[in-house]
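Please treat every number below as a calculation from the coordinates, not as lab data. Predicted model only: the values in this text are computed from it and were never measured. Ideal geometry is used to build each Cβ from the backbone, glycine not excepted, and the neighbour counts take in all protein chains shown.
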Amino acid sequence: MSHRRALLWATLATLLVLAAQALVVQVSYGGNWTGLFCIGELQKRPAIVSQENAFLFRNAYGYDGQWYHLMAHDPAIVEGTPQYLDAARLRYRRILVPALAWAAALSQDVAIDEAYIGWIAASVFCGVYLLSLLAQGSGLPAMAGLAFLAIPATPISADRLVTDSVLTALTAAFLWLSASPPGIAIWLVCVAAALCRETGILLLFGYLVYLAGHGHWRRAGMMTTAAIPVAGWFAYVQGRTPAYDYGPLLAPAQGLVRALLQPFPYAESVRFRPVIHVFDWVALAGIILAFVLVARWIRWPLGSAGEAAAVLFLLMGLFLQREDHWQQVYDYGRVYSPMLAVLVVEGFRRRSWLLVAPLALMLPRLAIQLSVHVLAAVK
């Protein structure tokens, strides 16, 4: 196993992503890097960011990256920021990246945006590096670590500065560390994953299920303490944000089924809508294939901690995932990126192209979404 080769590919991948971001910023946002946060002009903004020279999307409400941008300027929830967020209680549970950006910038507002972008770049580096090591451990070349760039969370996070590439990199760390007895490193990874996005706690739960299934009760007991800091932060957020009602599903996978039967109603101004609808269906076929592949792992005891976590993501998708998250690959693609990362690593281990096929089915729709920047560059 060559760490040097893994570092090489991780460095090249990170430079590639930063170069792509720089090009997008230049041609689409006039050189203003805040354009990557996708801040909507129609959203009210708090005083702590009102003096920023932010790029605003005209006549738009923006995208999720703008919420994490606000949180990075007020991670302790002391500046009244929750009133400006769409779902403050849900968003503030995902404090990891905003807090890391705030800390790296030494709480200086002028440096927070750059620090945030730096953490997204760091997630690409770490994700490619760890996947490269995992690939080499399965007898594949280090270059296979570049598969991290194809996991939906990576291009989406680079394009919109959402935090999902960080969770996916933490998933890669989880898969690397879970092959050894639990220690402080995987404990920290599980805590970080749950604080990056609440779905990240499925890594911890999957690990506990795996340890319990193999009779490692003492190790499982030690790992349960990872839930303590997560519960503490969630309780802190609970007391400082308004209520948020997620709402139950009426039937399993109802949102996924409806997305298949009722294509997303794109505006009349969107060109090539029939073609886009076809690739929407292809991308949904990719996630359905991923679910089928993971469902084959359901047994007792589960074969690995990664498989256990993937099964929990499958159950979440069938019984908890809200309907609106199935309409766009930019939503469900990043939500299920940890599960897709497990499939990639298992594909390495088993030398199975079928396990990475879901990525191949989802990439065309991601490419269409990103093509707006390419069109802007060639004009």
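Would segment 3-378 count as rounded, prolate or oblate if I go by the C-alpha gyration tensor, calling it rounded below 1.5 in a/c and otherwise prolate when a/b exceeds b/c, oblate otherwise? Rounded, since a/c falls under 1.5.
Going by a ≥ b ≥ c, the root eigenvalues of the Cα gyration tensor, does segment 42-98 fall in the rounded group (a/c under 1.5), the prolate group (a/b larger than b/c) or the oblate group? It comes out prolate by the Cα gyration axes.
Taking the number of other C-beta atoms within 10 Å as the exposure measure, put 272, 57 in order starting with the fewest.
By the 10 Å Cβ count, ascending, the order reads 272, 57.
Here the Karplus curve 6.51 cos²θ - 1.76 cosθ + 1.60, taken at θ = phi - 60°, turns the phi angles of segment 171-180 into couplings of 5, 4, 5, 4, 5, 5, 7, 5, 6, 10 Hz, with x standing for Gly and Pro. Distance from the Cα centroid of segment 289-362 to that of segment 1-31 is 26 Å (rounded to whole angstrom). About its Cα centre, the chain has a charge dipole of approximately 900 debye under the convention of +1 per Lys or Arg Cβ and -1 per Asp or Glu Cβ, with nothing else charged. Comparing Cα centroids, segment 49-128 and segment 165-212 end up 23 angstrom apart.
Only Cα pairs under 8 Å and 6+ residues apart enter the sum, and on that basis the relative contact order of the chain stands at 18 percent.
Please give the net charge around residue 125, taking every other residue with its beta carbon less than 15 angstrom from that of residue 125, where Lys and Arg add +1 and Asp and Glu add -1.
Neighbour charge sum, excluding residue 125 itself: +2.
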